[in-house]
């Protein structure tokens, strides 16, 4: 499995997210705070991380530290538990909001963004004259224009053609 494959698959642990436990716990707390009440499944949907081994661990930590409380269940097991922020959790959220009000999907680490972007590069692609003629055979284009399009296509940059 390549490094890129690691970035493209769903993380199976907090470590695989590339984010710190503390950052994710704080983000989870703010998400529940802004929702007023949220199920475990709902937290996972907001934070865009799997419930198993990630969201469940974050919620368990926040419960243990008396920052969240369970107030009921929708009947879906632990995913259906309804969470609310405790008074201690509200005080913590106020501290967190003074630093950052972000409470959305868990961010993707920069290293993962760079790896995925580089994997999409067409820098190694080369189009020869025969491929170019084949690709444009349905259009009436002169050889002089094809000779100009070829280098543009092989530059690895975007090109914009207007066909009138």
TODO: Being over 18 Å from the mean Cα position of the chain (by Cα) and at pLDDT below 90 is the filter; apply it to the range 92-127 and report the residue that is surrounded by the fewest Cβ atoms within 10 Å (Cβ to Cβ).
DONE: 124
Open item on the list: Can you pull out every residue in the range 128-141 that is part of a loop (DSSP other than H, G, I, E, B) and surrounded by 12 or more Cβ atoms within 10 Å (Cβ to Cβ)?
Closed with: 136, 141
- [ ] Please name all residue pairs, on different chains or six or more residues apart, with Cβ atoms under 6 Å, provided the first residue is in the range 9-30 and is touching a residue at least 60 places away in the same chain (Cβ under 8 Å) and the second residue is surrounded by fewer than 17 Cβ atoms within 10 Å (Cβ to Cβ) and part of a loop (DSSP other than H, G, I, E, B).
- [x] 18/109
Task: Residue in the range 71-86 that is farthest from residue 39 (Cα to Cα), counting only those that are in contact (Cβ under 8 Å) with a residue 40 or more places away in the chain and part of a strand (DSSP E or B) - done: 85
Task: Complete set of residues in the range 87-127 that are within 30 Å of residue 35 (Cα to Cα) and assigned to a loop (DSSP other than H, G, I, E, B) - done: 100, 101, 102, 103, 104, 105, 106, 107, 108, 109
Open item on the list: Testing residue 119 on (1) within 26 Å of residue 27 (Cα to Cα); (2) touching a residue at least 60 places away in the same chain (Cβ under 8 Å), one condition comes back false. Which one is that?
Closed with: (1)
TODO: Give the range 40-78 a look and list any residue that's under 20 Å from residue 14 (Cβ atoms) and over 21 Å from the mean Cα position of the chain (by Cα), or say none.
DONE: 60, 61, 62, 63, 64, 65, 67, 68, 78
Task: Cβ-Cβ under 6 Å pairs, at least 6 apart or on other chains, the range 142-164 side in a helix (DSSP H, G or I), far side surrounded by 11 or more Cβ atoms within 10 Å (Cβ to Cβ) and modelled with pLDDT of 85 or more - done: 146/132; 150/132; 153/127; 154/127
Task: Total residues in the range 50-70, condition buried (at least 23 other Cβ atoms within 10 Å of the Cβ) and not in a helix (DSSP H, G or I) - done: 2
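The values are calculated or read from the model by the stated rules, or taken from the named source; none is laboratory data. Everything numeric in this text was worked out from a predicted model, so none of it was measured. All Cβ positions, glycine included, derive from the backbone under ideal geometry; neighbour counts span all protein chains shown.
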